[in-house]
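A quick write-up on the structure given underneath.
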Amino acid sequence: MTDFPPPSDRPKAAPLAALRLFRPVFLAVGAIGLAIGALLLIHLGSPTASPTPAQTAETTVVLPDPDPPPALTSADFQGFQMKPPDQQAVSEPPASDRYELTLRLERGDTIEKMLADIDVPEADRKQINEALQGLLKKRQLAVGEAIALVIQTLADQPDAPRVLSLSVRPQPEREFLVTRKDDGSYSGEEKSYKVTPRIVRVEAEIAGSLQQSGVSGGAPVAAMNEFIKALSYDVDFQRELKAGQHFTVLLEQLVTSDGKVTHPGRLLAGELRLLKRTVTVIRFRPQGGAEQFYNPQGESLIRSFLRTPMDASHITSRFGMREHPILGFSAMHTGVDFGAPMGTPILAAGAGKVLMAGPNAGYGIFVKLQHTAQIGTGYGHMSRLGPGIKPGAVVRQGQVIGFVGSTGMSTGPHLHYEFYRDGHPVNPLAQKFALRAALSGKDLAQFQAQSRTYLVQLKSAPHVADTPAPVSKAAVAKAPAAPQLARGD
Ligand SMILES: [Zn+2]
């Protein structure tokens, strides 16, 4: 592919001390600080750099943000020197050794195939599958069924992810759970929740991240994650989300006869009031299909591409001409930068094939995916690759393909995201991917009835604060830490 600069022989004598100074600062101040920091660097960097032909000439030089021209010396930008790729180990993020991953069963798919796709070792795959089949007893899982995994990456075997647990929940009252035991074997357990549902709502204002606002209003982390994911196909969080906006989530809690809440709340529906529009998501399970979220017109919210390839991020640099933060002169920025903490999982924006995975000059550790004959995506500056990500590997939408880092020519942890049409980078945020499945016939009629009920309940269900708080240990354990989103969006 011609989009990428050839490997450059840029200086490798990066002042490590400065790096070490900067990295903890970035980590500590988090997302907002990162944005301010990046701005500061841009302003500090530009005056010292000497004008170049690109700045004065009428024609614009298309320069993918990596490759530095040989004319500039490292003295021009000391203090935020780029890091040679071989120093990857320095930035290895310990915080991200465990992460949650939800994959959906595709047509003709099996659990074993799904686990093989993400490079789970064969022995583990077999055991997990056996344990699960023992629970399912010949029952078939629906196409599109969500398989929730908790994965651990071991430092010494980064390419052999370890599955800590696998959970399938075809109905709210029934969960099939396979967990890894201390001896490395897997055991299955069917959990049934003999309880009555209670519908509650959380109505809140955005203060900080959407997720935190919901959680402090009493919604479980997992439900907020689902809400954010469902919205993410439609909402540009960076541009449209503002403090003070209202949102409501409708939750189904499970309550035992003696009033104990055994499940803190499954998301049934949600509503987010933006400046100019209100976005509503409604959970529904069509006949023979898997549950997913729809808009009130009965159209599936799932699109062929994610709007942003990360759950928690904010845009720090847009597509187009800009002052280059390191080079100091005006150049074409061929992608969008998302600021996110070191180690944040990066998701495949769509299903496809890995074309390139590994160090790529100024892009640092880089992944390129091919989705269709025309469309591809690229992801730069990773701290490391996701499990199983190598050229030729098939990826699913939402699969973890790597982790946020600052390799290559980068001023701090962020993802440089590119979108290609016919090999040329285009603005990822300007792409529209309508094509959605819509409900019809019996499913649509049933959906409309359910949707009417939910829309009324979004306004009238008792507020979660007026009901006993969920304190069950089982419930807490059910929603394993989702630290990626908790870091703010
Ligand atoms: Zn960039």
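Every read-out reported here was derived from the displayed coordinates using simple, explicitly stated rules and does not represent laboratory data. Given the structure is predicted, the values throughout are model-derived calculations rather than measurements. Note that we place each Cβ from the backbone using ideal geometry, even for glycine, and neighbour counts take in every protein chain shown.
Overview of results
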{"quantity": "Nitroxide proxy distance, nm - points 7 Å out along Cα→Cβ at Ala449 and Lys191", "calculated": "3.1"}
{"quantity": "Listed peptides 384-391, 130-137, 398-405 by packing density, highest first (mean Cβ within 10 Å)", "calculated": "398-405, 384-391, 130-137"}
{"quantity": "Compactness of region 292-417 as Cα Rg over 2.2 N^0.38 Å, two decimals", "calculated": "1.08"}
{"quantity": "Which listed pairs, of Lys113/Lys181; Lys260/Lys459; Lys353/Lys442, have C-alpha distances above 30 Å, in listed order", "calculated": "Lys353/Lys442"}
{"quantity": "Lys126-Val143 pseudo-label distance in nm [points 7 Å out on the Cα-to-Cβ vector]", "calculated": "3.0"}
{"quantity": "FRET efficiency estimate (nearest 0.05) - Cβ-Cβ, Ser216 to Val456, R0 25 angstrom", "calculated": "0.45"}
{"quantity": "Spin-label pair Thr372/Ala290, simplified geometry with 7 Å Cα→Cβ offset, distance in nm", "calculated": "2.2"}
{"quantity": "Gain on full stretching of the segment that runs from Ala207 to Lys260 - 0.36 nm per residue minus C-alpha separation", "calculated": "16.1 nm"}
{"quantity": "Protection-proxy order for peptides 205-213, 155-163, each taking the mean of Cβ atoms within 10 Å per residue, highest first", "calculated": "205-213, 155-163"}
{"quantity": "Relative pair counts by distance (%), Cα atoms of region 220-327, 5 Å bins", "calculated": "2, 10, 17, 19, 18, 12, 8, 6, 4, 2, 1, 1, 0, 0"}
